[in-house]
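S.K.: Structure below; questions to follow.
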Ligand code: FEO
């Protein structure tokens, strides 16, 4: 038995055997400022079962944690709830080490795993409503297609009442503490919302459908064990409710002014607009795209009812950093926002107009014309920018019925 990388017992027959990625700071472009974990779970039953694996470089840590409780060769089944490589990257090496009797995945999981690792991979398909008997316990499968990959599914271990939810209800948060109730609320709330905003926001309608359907599966859930971040053993309803609130995207009473600037003129407008919004009593945050990266911006968008976007005009276009965040937003499809476009220009002035058109195309309500200023804003321009902000604030207050 190894002296480090121990499994952690989470119930009578289940152990956490995942890996901690303390220092990852970019997760396919998502800035993971607190690192992450790749959770995997070992069920000790008559059929010893491994649920999910880890990102490929962490295979040694996974196998070491398994070895701390059982010889990996004793594993009979491997279940792959999700084919993305942060959970399946280690699968070929684990299969080689374990030589399991069977590997289970959804039909699309089978297809996607083969597409990643080769047609020779032998996968047994399971479907929603099927139960795999492990001996004392049954493992029940529910496919969650497009939440967030076509292959995604969750599995529920009866008896222990654990929902292995793959990416769902997870967050990118590395830590030696395994349970959500061991972390400060502000950390959990921030990281869960950031995860939702960056990974799941565009899937909100499907998430609401799934949450509405959840009672029909009659699951008595004592613990939610996601594939990233802490496990929920107390008040599992709290994270379910948090997901519902995020997915509903109701109007928020906060504002975001986000901009890029060339010679500080667009920045001056941003500050004046923000002051005008906050003057109406709306809490307002200002983010320069030179200082703040896209995953923090989209998290702030989720928390805001107003999003004002500022850009200089460069070579007849909006600034590249602004195009980046608008492209990111287009894919994530945030809902229920009043938008505004503004910026400084030198001679042609297309930037703010292009931002206006893009925000309108994304479904932002755009009550005002794009606000553009030539070269450097005058005092009069800044007063007009303040008034634009005040107008945006009043529009949001109307929406909120205040
Ligand atoms: Fe954590 Fe979609 O993989």
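The values are calculated or read from the model by the stated rules, or taken from the named source; none is laboratory data. Only a predicted model underlies this, so the values are computations on that prediction, with no experimental measurement involved. Backbone-built Cβ (ideal geometry, glycine too); neighbour counts: all protein chains shown.
S.K.: What are the residues in the stretch 151-171 that are in a loop (DSSP other than H, G, I, E, B) and within 15 Å of the ligand (Cβ to nearest atom), if any?
M.R.: 151, 152, 165, 166, 167, 168, 169, 170, 171
S.K.: Does residue 190 satisfy the condition of being closer than 30 Å to residue 330 by Cβ and touching a strand residue (DSSP E or B) at 6+ places or on another chain (Cβ under 8 Å)?
M.R.: In short, no.
S.K.: Tell me yes or no: at least one residue of the stretch 140-150 is within 16 Å of the ligand (Cβ to nearest atom), more than 26 Å from residue 242 (Cα to Cα) and not in a strand (DSSP E or B). Don't jump to the end; show me each part of the working.
M.R.: Taking the stretch 140-150 and keeping what is within 16 Å of the ligand (Cβ to nearest atom), we get 143-150.
From the residues that got through so far, the ones that are more than 26 Å from residue 242 (Cα to Cα) too are none.
For the stretch 140-150, residues within 16 Å of the ligand (Cβ to nearest atom), more than 26 Å from residue 242 (Cα to Cα) and not in a strand (DSSP E or B): absent.
S.K.: Strands (runs of 3 or more DSSP E) wholly in the stretch 281-346 with at least 1 residues that are closer than 22 Å to residue 33 by Cα and either modelled with pLDDT of 95 or more or outside the structural domain of residue 207 (by TED's automatic domain parsing) (or both) - which ones? Write out each step before concluding.
M.R.: Working: elements: 283-288, 306-310, 338-345.
Output list reads 283-288.
S.K.: If I filter the stretch 218-236 for residues that are modelled with pLDDT under 95 and not in a loop (DSSP other than H, G, I, E, B), do I get at least one hit?
M.R.: yes
S.K.: Take the conditions crowded, with 22+ Cβ neighbours inside 10 Å and free of Cβ contacts under 8 Å to residues at least 60 places away in the same chain and apply them to residue 70. Does it pass?
M.R.: Numbers: crowded, with 22+ Cβ neighbours inside 10 Å: no; free of Cβ contacts under 8 Å to residues at least 60 places away in the same chain: yes.
So residue 70 fails the test.
S.K.: Return the residue satisfying two criteria in turn: it lies in the stretch 69-82 and is within 16 Å of the ligand (Cβ to nearest atom) and in contact with a strand residue (DSSP E or B) (Cβ under 7 Å, 6 or more places away or on another chain), and of such residues it is nearest to residue 166 (Cα to Cα).
M.R.: Ranking the qualifying residues of the stretch 69-82, first place goes to 81.
S.K.: May I pose another question? Regarding residue 41, is this residue within 16 Å of the ligand (Cβ to nearest atom) and touching a helix residue (DSSP H, G or I) at 6+ places or on another chain (Cβ under 9 Å)?
M.R.: Numbers: within 16 Å of the ligand (Cβ to nearest atom): yes; touching a helix residue (DSSP H, G or I) at 6+ places or on another chain (Cβ under 9 Å): no.
So residue 41 does not fit the description; no.
S.K.: Restricted to the stretch 175-227, and to residues that are within 14 Å of the ligand (Cβ to nearest atom) and over 27 Å from residue 250 (Cβ atoms), which residue is surrounded by the fewest Cβ atoms within 10 Å (Cβ to Cβ)?
M.R.: Filtering first and then ranking leaves 227.
S.K.: Kindly indicate whether residue 83 is in contact with a helix residue (DSSP H, G or I) (Cβ under 6 Å, 6 or more places away or on another chain), assigned by TED's automatic domain parsing to the domain that holds residue 131 and closer than 27 Å to residue 135 by Cα.
M.R.: Yes: the conditions hold for residue 83.
S.K.: Starting from the stretch 245-269, take each residue that is closer than 13 Å to residue 373 by Cα and list its partners that are surrounded by fewer than 17 Cβ atoms within 10 Å (Cβ to Cβ), counting only C-beta distances under 6 angstrom and pairs at least six apart or across chains.
M.R.: 265/376
S.K.: With the structure loaded, tell me whether residue 66 is in a loop (DSSP other than H, G, I, E, B), over 19 Å from residue 124 (Cβ atoms) and touching a strand residue (DSSP E or B) at 6+ places or on another chain (Cβ under 9 Å) or whether it fails that test.
M.R.: Taking the combined requirement at face value, the residue does not satisfy it.
S.K.: Could you list, in sequence order, the residues of the stretch 372-386 that are in contact with a helix residue (DSSP H, G or I) (Cβ under 6 Å, 6 or more places away or on another chain) and part of a helix (DSSP H, G or I)?
M.R.: Selection gives 382, 385, 386.
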